[in-house]
Amino acid sequence: MIERLPAPLRTAWAMGAIALDTLWAAPAAIALGAALGPTHDAVSGVYRQFAWLMLEACNAELRVLGEDRLDSERRYVFVSNHTSHLDALALLAALPRHGLRFVAKNELGRIPLFGQALRTTGNVMVERTDSRRDLETLDAAQRELLQRISVLFFAEGTRSEDGRLHAFKKGAAAFALKAQLPLVPVGVVGTHDILPPGYGVGTGGRVVVSFGEPISTRGRCFEERDALTHELRLAVAAEIARAEKCRRKKA
């Protein structure tokens, strides 16, 4: 239906759906987090339901590649490109067997209700500057986070305005090396066309999330974080190309 609406009405429809979805999902996540713990499976279930509703509101058709190569019993550090607010939702929906929380920028935590839900359900809020303070925040979060859930970094630090892959910050590699967890490169395509930076909403389309082979950190030292960050960026670029090839195929 949304694809037949004029652009202003498409945007109004999507923004209204976001508001309504947040009004039930944020209080539900906060309440479940308080009662059962911020990383409980029930909280992750609310996250996924919120994500699916938002993808549907934006007329996004989700395709997932490579999720079956992941072990549902393991914890991972996922690292993805970032071109749209839909990226996080696509990733939540694409990982039904994994509880997932985000390393997110502090200003998101200041959004009324939504920000409170982020802060009280296990997400890690940082400045996204690769500063010592950010690394200390990540260090403090490791023990609680990794008992039950995996963590996702948008390693560029912010959304790409032009849709291209930019330089990676070192926080994801540093976090994974200290926790000795495998890094999973992820490519997300299609979201930038549907919901680009700004407030316009497209007509919908195919979103593809591609998961690469996990990159082991076992036996690697913290001093290798620069080399690992470079390796990781190349792997994410390869998954973006794989996802783009799938997106361009006819359904």
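Key figures for this structure:
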quantity	calculated
Among the residues listed as Val46, Val64, the single one being under 30 Å from Ile215 (Cα atoms), buried (at least 17 other Cβ atoms within 10 Å of the Cβ), touching a residue at least 60 places away in the same chain (Cβ under 8 Å) and touching a helix residue (DSSP H, G or I) at 6+ places or on another chain (Cβ under 7 Å)	Val64
Candidate set: the range 174-199, residues that are on the phi > 0 side of the Ramachandran plot and in contact with a Lys or Arg (Cβ under 9 Å, 6 or more places away or on another chain); chosen: the one surrounded by the most Cβ atoms within 10 Å (Cβ to Cβ)	Gly190
Looking only at the range 195-235, and only at residues there that are touching a Ser or Thr at 6+ places or on another chain (Cβ under 7 Å) and aliphatic (A, V, I, L, M), the one that is modelled with the highest pLDDT	Val207
Qualifying position, being in contact (Cβ under 8 Å) with a residue 40 or more places away in the chain and either more than 18 Å from Phe153 (Cβ to Cβ) or out of contact with any strand residue (DSSP E or B) (no Cβ under 9 Å at 6 or more places or on another chain) (or both), among Ala31, Ala26, Ala19	Ala26
Answer from Arg225, Arg220, Arg247 - the residue that is within 26 Å of Trp52 (Cα to Cα), over 16 Å from the mean Cα position of the chain (by Cα) and surrounded by 14 or more Cβ atoms within 10 Å (Cβ to Cβ)	Arg247
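The values are calculated or read from the model by the stated rules, or taken from the named source; none is laboratory data. Owing to the predicted nature of the structure, the values given are computational and were not obtained by experimental measurement. No Cβ is skipped: glycine too gets one built from the backbone with ideal geometry, and neighbour counts run over all protein chains shown.
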